[in-house]
Amino acid sequence: MSLTADIFVHPNALCESVEVGCGTRIWAFAHVMKGAVIGCDCTVGDHAFLESGCRIGDRVTVKNQAMIWNGVEIDDDVFVGPGVTFTNDRLPRSPRMVFPPVAQRYADPTRWLRPTRIERGATLGARCVILAGVTVGAYAMVAAGAVVTRNLAAHSLAVGAPASRVGWTCRCGERLALVEANTWRCPRCSEQFKMDAAGECINPVQSY
Ligand SMILES: [Zn+2]
């Protein structure tokens, strides 16, 4: 398998992967390792790094200097802001340390690698940090500089370090307004949402 003609790789980018979808553009000084999987119609900005084992869906925007490691899975339509840093190990040590318990841990990826998932349409703000093993729900909005240490429900608006949910966001990105008990509405596109029975997440009343 080789890259097709409708993929743009800037002459100063380093793209070692052959699993890049049609229409995707990889800009100068980005590095995409062999084994990184990228879908169609994505853009990867300057100095982004995509490690072997990461998986990226379609229409994803990866802004400059984002660091995406093995074990990170990013669904369709996600925005990864500039300088966003993922992690994939909750208790990292240098695997080269001369200490048998550390060497044993790093001999088997199942002992250290913690998968991270960013669901469809979510936004990760500039320079936020995503700790290993978390799931950021669909259409969630993570503020610039936030440190995400726990799972975020779909449509969460999360800020701070550690990040906490301070509201809800629409699919269009606007903050939702509480208009009556258990009902939120988007001031931009009027989409409405209701809380689920468990009181932990909101769902659109009707989908487009
Ligand atoms: Zn909206």
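Of note:
- Note: relative contact order over the chain, using C-alpha pairs below 8 Å and six or more positions apart, is 10 percent.
- More than 20 Å apart - percent of Cα-Cα pairs taken over the chain: 59
- Across CYS172, CYS22, CYS54, mean-square fluctuation computed from a Gaussian network of the chain (C-alpha pairs under 10 Å connected) peaks at CYS172.
- Sorted fewest first by neighbouring Cβ atoms within 10 angstrom, VAL142, VAL37 come out as VAL37, VAL142.
- For the chain, the dipole from Cβ point charges (+1 on Lys and Arg, -1 on Asp and Glu) about the Cα centre works out to 660 debye, to the nearest 20.
- For the chain, built as a Gaussian network whose Cα springs stay under 10 Å, the top-fluctuating residue of SER164, SER17, SER94: SER94
- Most fluctuating residue given options ALA181, ALA153, ALA48, as computed from a GNM of the chain linking Cα atoms under 10 Å: ALA181
- The stretch 82-184: C-alpha gyration tensor shape, a/c 1.5 cut-off, then a/b vs b/c: prolate
- Of the residues CYS186, CYS128, CYS201, the one with the fewest other Cβ atoms within 10 Å heads the list, and the complete ranking is CYS201, CYS186, CYS128.
- All C-alpha to C-alpha distances of the stretch 34-148, sorted into 5 Å bins beginning at zero, yield P(r) values of 3, 12, 21, 26, 16, 10, 7, 4, 1 percent in whole numbers.
Every number here is computed from the coordinates shown, using simple stated rules; none is lab data. What you are looking at is a predicted structure, and each value in this text was computed from that prediction instead of being measured. Virtual Cβ from ideal backbone geometry, glycine too; neighbours counted across all protein chains shown.
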